[in-house]
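Participant: For reference, the structure I am asking about is given below.
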Amino acid sequence: MDEKSLEILEFPRIREILAGYTSFPVGNELMRQLVPLADFDTVEKLLKESEEARYLLSIDREFSIGDAHDIREMTAAAALGKILEPAILVEIQQTLSVFRQARAGLAQVATEVPLLWQIAKDIKPLSDVEKQITHCISPGGEVLDRASTKLASVRRRLRDTRHSLREKLESIIREPGVQKLIQEPIITEREGRYVIPVKNEMRRDIEGITHDVSNTGATVFVEPWATIELGNAIKELATEERYEIERILRELSQAVGVYEEEIQQNTALLAELDVALAKGRYSRTVKASIPELVAFSSDRENNGGTFIRLVEGRHPLLGKNAVPLTVEAGKEYSTLVITGPNTGGKTVALKTIGLMSLMAQAGIPIPAAPETRLPVFDGVFADIGDEQSIEQTLSSFSWHVGNIVRIIKHTTPQSLVLLDELGTATDPAEGSALARAVLLYFLSKRVITIATTHYSDLKVFAHQTEGMQNASFDFDPVTLAPTYRITLGIPGGSNALATAGRLGVPAEIIEEARNMISKGELDLNITLSEIMTEKDKITEARKQIEKESLEIKSRNAELEKKLAEVREAERSIIQETRDKIVREAAELHREIRKAETDLRKMKTAEAAKAAKRTLAETRARLDGEEWSLKSLPSLDDDISVGDTVYLEGVDLHGKVTAVNEGNGEVEVRAGQLNLKVRLDSVKKVQIEGGKIKRRTASVTVPSAPIVRGELDLRGKRADEVEVALDGYLNDAALSNRNEVVIIHGVATGTVRQIVRDLLSVHPLVRNFRPGVQGEGGEGVTVVSL
C-alpha cells in the first residue's frame, strides 16, 4: 500500500485507536504495525477472525488475554545461560499460564470460532515449566522454602540461630549494669550484624565490635563479644541460603531457556489472537460490521461487477459527529465527480471512502451498514489536503502535481484513486483542463476514481462523458447551509458567497461580489438551487407514499389474519358438529345391537314385537335427514374432476376422473388403478409447488386404559354378557392389544354361544377361534382384534 496515502487518509490514527483495545504488549506492538493487504483470501480471513472475536466476546465478555507479559528478551537471555530474577520468572509463569488458558478456552468453542481456534491450537502449553516456577516462587517474587529440601533446612537453622541471637542480646540489654550504658533498649542491624545502640561516652564500658556510629555521634552500634559466634553463624547460613537460591534460580532459568523457540512462537500466536480480539472489541464499541468483499477479475474486461457501494458509512475519527455517507462508484461508471458547497463534506467523503477500504483490507470491521460492498484494491491512492513548504520551495500546486505523478506511476485497473479539489491552486482555465485530462487518463485505464471540484466546466464534462457521473452534496435551499447528504446524478453549486456570508464576511462585500459574477453563472446557481428544492419535494412525497404503502400492507395483513381466524372457527364448529353426529350414531348402533340381542334372548311374542319396534325406530332415525352428514357444510372444498384426493381406506393418492353425486360415488385413478369409491371415503388435498401439502390437525387422544389380556364371563347372567364383552373389546383395542382371551366356560354352552354370536358381527374383531389344549379348550375363545 502507498505509505503517503496511508498518512493522508490518517490510517496511522486508526492503528493507534485499535492499539488501545489490545491487552498484550506484543499485541499492541503488532497492531501498531498493521497494514492493509491486497490478497483477497487473506483479507477475507482476517475479517472473519474479527467477526469471530466479536461473537466470542458476546458469549463470554470476560474472555481476555489477561496478564501476559512480553517475555521474549528474558527467554532469549535464559537460553544464553543468564540467571533470571524471581520477579522475572513470575512474569514468565503468568505468561505461560495465559498461553495455556487461552488455548483451553478457545478449545471449548472451537466449532463456533474455527479461525481463532486455528491460531490457538498451535500454542504449545508448557505446563511443566509453569508448575515448576509456581512451586518454587511465590506470586510476590519470593523463593519459597519448598523449592528445595536444602533451602528449607538452611532457612530453619537460620531462623533458630536468629532467635537465639536475639534472646542473647535481649538478656544483655536487661542486665542492670548495661541499661545505663545504652541509648534505648532495642536490637538493630548494621552491615548484616545484630547490634545494640550504646552511648558514645560509655563505649569503653561494654566489650564488643563497633559497626557504626549515628549521624550525631552520640550513639555507637556495638555487637557484644557474647554474640559474635552466633552472628558469624547467621552470616554463614545467609551465604549458604544465597547460594542455594542462586542454584534454584539457575535451574528454573535453564528450564525456561530450553523452550525459547516454543515461547517465542506462543508469544507471536498470542499477539495474533490479541489483535483479533482488539478488532472485535472495537467492532462492538462503534457498532461496526463486516462488508461484502469483491475480488477483481484477472480479465480487465470482466470487472464490471467490481464496484464500491458504501452504505451509511461513518468516518471513524469523527465519532458521534460523523454524518452517515451512502455512495456508489465503479458499477455503471468508473469516475465520480463530486461537487457541492464549501465545508459541505466533500473532503470528509473522500477520506471516509478511502479509510473504509483501508480498514477493511486490514481486517478491521468498518462503521457502516452490512450491505456495504468493497473491492479488495491493490492500492488506495489519495491526493487530499495541502503540504506546501517554503523551505523546499514547494507550492500547493506543486505538491498536488507531485501526488498525481506518484499516483499515475503506481495505479493499476485494480486501484482506487481519490482526488480532492483537482486542478486547483493555479490558473482556473489551465487547472480545469488539466483536471479533465487526468480524469480521462484514469477513465481510459478503468481505474475507479472519485474526485471533488468546484469547476463548473468539470461538472459539464462529467455529465457529457460516458463512464463518468456527477454527484453533489446537498444544501438547504432556504438557509443555503450544507446538509452533508450526497445525491448521485446531479451536480451541485459551490455557494461560495453564501458560505462566506455565513462565516462572517460583511454583506456589502458579498453583494459586490455577486454583482461581479456573470449572468450565466448566476443562472446556473439558481437552477441548481431550484433542482434541490424540487428534489426535496420529491423525497418528501416518496416518504409519504412509502408510509401509506406500509400502512396499507399492515391493514391487509390484519384483515388476512382475521379472515383466517373466522375460517378456522367455522371449521372448528363444523368438525364439532360432525363429531357429535358420529358419536350419537355410534350410540344408536349400540342400541341396535342390544335390540338384536334382546330378540335372541326374549322368547315371548310381545317382547320380540317390542324389540323389533325399537329396532325399526332406531334404523328409521339413522336413515333420517338429521343424521345425514350431507346436511353439513364440507370441511374441504367440493371435490371435482381433476382434483388430487387421498383414499383413506387404501392409503393412496389419486386424481378424480368422475364424480357421481347421485349415488355418492367418485372414480379415482391412482397410478395404473381405476377405483370407484364412496365420496365420503376420499379427501381433497392441496398442491403447492408441485408437491402435496400435508394437512395438520390437532387431535386429543385419551389415555389408553390398562386392560388385562383376558375377560372372565363365568357366572354372569346372559343379559350382562354382551354389555361386558362389548366394553372390554373397546378398551382392549384402545390399549393396542392384538389378541385377547374370553373365558366363558363349558357348562350348557349358552354364554359361549352369546359370546361367539357377538364376536362374529363385532367391527373390532378380525377373527376368533376356540382355545386349544393348554389355553382352556372349549372353555375359552381366543380373539384377534
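The values are calculated or read from the model by the stated rules, or taken from the named source; none is laboratory data. Just so you know, these numbers come straight off a predicted model, no measurement behind them. Cβ placement follows ideal geometry from the backbone for every residue including glycine, while neighbour counts extend to all protein chains displayed. Note: accessible area is taken over every heavy atom of the protein model, side chains too, but ligands, DNA and RNA are not part of it. Shrake-Rupley method; radii C 1.70, N 1.55, O 1.52, S 1.80 Å.
Participant: Tell me, in nm to one decimal, what length is gained between Glu292 and Glu511 on full extension, where the rule is 0.36 nm per residue of separation less the Cα-Cα distance?
Facilitator: Using 0.36 nm per residue and subtracting the Cα-Cα distance, I get 73.8 nm.
Participant: Would you give the gap between the C-alpha center of the range 186-241 and the C-alpha center of the range 397-466, rounded to a whole Å?
Facilitator: 88 Å
Participant: Sticking with this structure for a sec: Ignoring ligands, DNA and RNA, how do Lys150, Lys279, Lys351 rank by accessible area with a 1.4 Å probe, largest first?
Facilitator: From most exposed to least exposed: Lys150, Lys351, Lys279.
Participant: I need the Debye-formula profile for the range 54-132: one equal scatterer per C-alpha, no solvent, reported as log10 I(q)/I(0) at q = 0.13, 0.14, 0.20, 0.21 1/Å, two decimals.
Facilitator: Values, matching the q order: -0.47, -0.54, -0.90, -0.96.
Participant: Now a separate question. Would you grab the residues whose amide H sits under 5 Å from the one on Gln686? Only those 5+ places off in sequence or on another chain, please, with H modelled 1.01 Å from N.
Facilitator: Lys693
Participant: Keeping all protein chains in place and using 1.4 angstrom, which order do Trp225, Trp117 fall into by accessible surface area, from largest down?
Facilitator: Per-residue accessible area, sorted high to low, gives Trp225, Trp117.
Participant: How big, in percent, is the set of alpha carbon pairs in the range 216-375 lying more than 29 Å apart?
Facilitator: Percent of Cα pairs beyond 29 Å in the range 216-375: 54.
Participant: Same structure, new question: What residues qualify as long-range amide H neighbours of Val195, i.e. H under 5 Å apart, gap of 5 or more or another chain, H built at 1.01 Å from N?
Facilitator: Hits under the 5 Å cutoff: Thr188, Glu189, Arg190.
Participant: If you don't mind, there's one more thing I want to ask. Going down the list Lys150/Lys235; Lys45/Lys279; Lys124/Lys150; Lys331/Lys409, which pairs span over 21 Å between their C-alpha atoms?
Facilitator: Correct reply: Lys124/Lys150; Lys331/Lys409.
Participant: In addition: Bin all alpha-carbon pair distances of the range 64-218 at 10 Å intervals from 0 and give each bin's fraction as a whole percent.
Facilitator: 9, 23, 18, 15, 14, 11, 6, 3, 0
Participant: Using r as the Cβ-Cβ distance of Arg166 and Asp39, and R0 as 51 Å, what FRET efficiency do you calculate, to the nearest 0.05?
Facilitator: Computed FRET efficiency for Arg166 and Asp39: 0.10.
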